[in-house]
1. Which far-off residues, 5 or more places away or on another chain, put their amide H under 5 Å from the one on A:Gly376, with H placed in the peptide plane?
2. Averaged over A:305-315, how many beta carbons belonging to a partner chain fall within 10 Å of each residue's beta carbon?
3. Residues with amide H under 5 Å of A:Leu204's amide H, sequence separation 5 or more or different chain, H placed in the peptide plane at 1.01 Å from N; which?
4. Let me check against my output: what whole-number percent is the relative contact order of the stretch B:154-280, with C-alpha pairs under 8 Å and at least 6 apart?
5. Would you calculate a helix-derived [θ] at 222 nm for chain A, using -39,500 (n - 2.57) for each DSSP H run of n ≥ 4 and dividing by the full residue count, to the nearest 500?
6. Testing the spin-label approximation: label points 7 Å from Cα along Cα→Cβ at B:Glu192 and B:Ala207. State their distance in nm.
7. Taking a cut-off of 19 Å between Cα atoms, list the aspartates and glutamates near A:Lys297, but don't count ones fewer than 8 places away on the same chain.
8. Let me have the relative contact order for the stretch A:206-399, percent, based on Cα pairs under 8 Å that are six or more residues apart.
Amino acid sequence: MKAFAALLDRLVYTPQRNGKLRLLVDYFRHAPDPDRGWALAALSDGLDLKGAKPALVRALVEERTDPVLFRWSYDYVGDLAETVALIWPERPGANRPPALGEVVEALRAAGRGEVPALLARWLDALDPTERWALLKLITGGLRVGVSARLAKTAVAAFGDRPVEEVEELWHGLAPPYGALFAWLEGRGAKPELGEAAAFRPLMLATPLEESEVEALPFEEYLAEWKWDGIRVQLVARGGETRLFSRTGDDIGGAFPDILEAVDFEATLDGELLVLRDGPEGGEVAPFNDLQQRLNRKTVTAKLLQRHPAHLRLYDILFEGREDLRSLPLLPRRARLEAFVAREKPRRMDLSPLVDFASMSELEALRAAARENGIEGLMLKRKDSPYLAGRPKGPWYKWKRDPLVLDCVLMYAQRGHGKRSSFYSDYTFGAWTPEDELVPVGKAYFGFTDEELKRLDKWVRDHTTERFGPVRAVEPGLVLEVAFDAVQRSTRHKSGLALRFPRVSRIRWDKPAHEADRVETLEALVEG
Amino acid sequence: MNKPRPESWLRVEPRGLYVVPGDFYVDPVRPVERAVVTHGHADHARPGHAKVLATPETLAIMQARYGDRAGSGLQALGYGEPVTIGEVTVRLAPAGHVLGSAQAVLEWRGCRVVVSGDYKRRRDPTCAPFEVVPCDVFVTEATFGLPVFRHPDDRGEIAKLLHSLAVFPERTHVVGVYSLGKAQRVVRLLREAGWDGPIHVHGALQALCALYEELGVPLGPLSPATVAAKAEMAGALVLAPPSALADRWARRLADPVTAMASGWMRVRQRARQRGVELPLIISDHADWDELTRTLDEVGAPEVWVTHGNEEALVHHARQRGFRARALSVVGLGEEDEGEALGGAS
Ligand SMILES: [Zn+2]
Ligand SMILES: [Zn+2]
């Protein structure tokens with residue numbers, strides 16, 4: 001438990017992805033089996049334990065502490081698991097501290113009624129950081145800023161393998177992943193995938209830079225619209241159907257309408273969208289509507305009816321059991337078109353090709369595409385096999401130009417790592433009709449190191465208030481902010497939020513009162 | 001003869017705790033005619049008093065910090081040597097807080113009051129350990145007077161730092177430490193843990209480190225953190241005052257891991273607020289278990305709490321059958337370099 005607790009503790013404070021990765025690799029290198037396997041399961045959301053409700057934890061601690069001191073402590077610390085971890089009375093030598101593997105195995109074997117006694121016994125034996133880690137594990141949701149994808153990337157890096165290889169195996173593996181670690185350490189054979197409806201790592205596109213447009217041999221490429229949904233993979237095999245996110249997370253639970261529509265065997269690549277009624281039948285609804293459907297374990301009938309999901313297909317990886325990934329794109333596309341014509345799958349259609357005769361024609365099409373659901377264009381090389389990862393060259397995404405607004409800097413926060421002495425995270429706002437500034441977004445990239453220095457100095461010279469690492473500043477600096485769309489949001493007082501905001505220019509010259517107004521943003525809201 | 005009631009001869013005044021039959025103050029916050037100073041931290045040792053009684057180490061620290069303003073008449077008193085001021089016998093006992101730190105043991109007509117200043121109970125290689133002095137009234141701090149403050153073994157915290165240096169060998173590790181006590185203790189702990197690489201210290205720490213050496217606490221070779229080029233700082237270990245961590249000074253460091261050695265690091269929200277990436281729970285103040293154990297060991301029927309989380313410690317002491325009250329002494333608890341901002345110790 002000690003090493004796992006130390007890992008979680010350190011991850012909580014480490015903001016950079018690369019730092020987290022190094023800590024995880026270091027852990028996998030030093031922790032024994034099966035502990036590291038259970039840890040990997042916990043970090044990749046693959047551990048389903050009989051948990052304990054916060055009320056139970058609270059009852060246990062209240063039996064052991066002065067209620068007044070507990071209340072004051074909880075007020076001070078602010079988090080129940082942490083308060084309990086810290087205040088739990090020490091009983092040195094009470095029991096032998098359990099290893100992570102023992103904890104997990106005991107919880108899996110225990111009946112629900114046995115959990116409180118087990119928990120109390122462990123809490124007696126552990127130190128405060130271990131108690132905190134145990135409580136996080138048992139009350140569900142580690143929330144240490146590690147995604148399943150990052151955990152898989154780390155375990156792949158530990159074995160010096162590409163992450164796609166681990167992802168491809170993933171759904172054939174089970175915790176505590178003894179075979180996976182044995183293979184990664186060169187002690188065992190590569191695990192077999194078997195018959196599972198397994199995720200196959202996706203082929204990803206790289207952005208097309210403006211400087212590359214002219215030289216691109218466009219006749220070698222197919223063009224498609226870039227849809228503003230989420231990229232998914234639908235796998236139907238041996239009677240099992242699964243829907244995976246781009247990173248291999250199983251999101252099928254939130255999309256039963258898609259799963260029910262499957263009566264074939266194939267692995268398909270496409271964009272998950274929400275449709276709504278339009279003048280010519282179903283049209284793509286704003287991204288916000290799709291968001292209503294995401295991150296849910298279950299969905300209501302009402303939601304299914306109001307926001308029906310739809311899959312727009314653009315590639316086929318397997319037809320039946322036949323692996324098509326080594327075929328070039330053109331014959332693969334032909335197979336996909338034939339598949340759709342034959343199967344006529346419900347809730348799915350084909351992502352159409354965009355005809356063009358020159359890059360300038362394509363550029364004009366891209367600039368004109370402003371309707372919902374289109375983010376720009378995809379360019380895919382006709383001879384490209386389906387390659388896992390993000391190879392540079394065969395697939396490009398060419399987004400339409402972003403929208404820009406002039407916003408006023410309101411708060412600045414210190415960054416982390418290389419930027420820890422700089423105020424580098426900026427919250428900016430727009431003017432209300434009452435001439436008040438309200439925050440509309442936050443950005444922390446889009447400027448050079450030189451500009452960052454100057455911004456940092458400006459923040460320090462114009463601070464009006466400080467709260468911890470955050471400074472409020474005078475409304476005196478205009479940032480030109482680029483973004484992809486405006487959405488309704490409860491996160492900001494303005495009720496609006498920008499999608500993918502980044503600083504495009506610093507308008508040292510522009511007076512703050514000439515910055516944009518909330519009404520301007522309102523007019524841009526999708527819908 | 002009946003012992004006098006303690007409140008008949010000790011009073012809390014705006015200037016600090018006043019000892020009536022001796023006509024002196026303990027740790028006064030404003031200039032006074034005669035002061036007994038428990039230790040060198042700025043909230044206890046203020047400049048500008050006329051006469052100051054303290055341990056030789058504390059006087060040396062005050063002179064290093066204040067020069068001529070340390071006081072016009074400085075009287076050094078070693079641990080355990082009694083002196084009489086007015087009608088009061090004064091003796092200094094080690095407090096285990098920082099080098100030279102003392103509890104003031106005050107006796108008048110058979111009543112003994114121990115003003116403990118700041119203290120801790122665990123081992124510290126840079127100062128003498130706390131001495132338990134039985135008494136009628138024990139005057140205690142309560143900086144970490146909540147049962148959530150349980151400082152771990154400091155060797156484990158140093159191991160966290162060394163582990164981080166192994167995982168991120170190219171990043172500078174900069175540790176925020178208070179200049180008096182914490183800096184030197186962390187250096188010693190690093191040496192004990194076998195760190196034989198260089199330790200760079202920020203300019204603001206150098207004078208007190210040199211003074212500790214002079215006073216017999218060996219720290220080994222320390223390099224200045226001010227002259228090194230950025231490339232040389234890759235993977236270096238640097239100690240700096242907390243105020244420097246967010247300062248432009250930190251830019252000379254290579255992609256720093258910001259660590260902070262303080263008892264406040266026990267609470268995650270506090271550590272996060274300070275932008276700390278590697279919190280090290282190392283404190284020069286007693287934690288909750290040390291505070292409550294000390295009340296039991298000293299065995300004074302009456303406990304006065306000067307500063308910190310007075311409320312909780314008073315509550316606990318009353319539950320345990322002590323007469324207890326909060327003195328709410330103004331001006332204590334604001335140790336060094338902006339401690340009031342987020343807490344050091
Ligand atoms: Zn102190
Ligand atoms: Zn103090």
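Please treat every number below as a calculation from the coordinates, not as lab data. All figures in this text were calculated on a predicted structure; none of them were measured in a lab. Backbone-built Cβ (ideal geometry, glycine too); neighbour counts: all protein chains shown.
1. The answer is A:Lys226, A:Arg400.
2. The shielding value for this peptide is 0.
3. The list, which skips near neighbours in sequence, is A:Gly389, A:Arg390.
4. This gives 36 percent for the stretch B:154-280.
5. Counting only the DSSP helices, I get -10000 deg cm²/dmol.
6. Taking the simple label geometry, B:Glu192 and B:Ala207 are separated by 2.8 nm.
7. Result set, ordered by chain and number: A:Asp45, A:Asp48, A:Glu240, A:Asp249, A:Asp250, A:Asp257, A:Glu260, A:Asp289.
8. Value for the stretch A:206-399: 30 percent.
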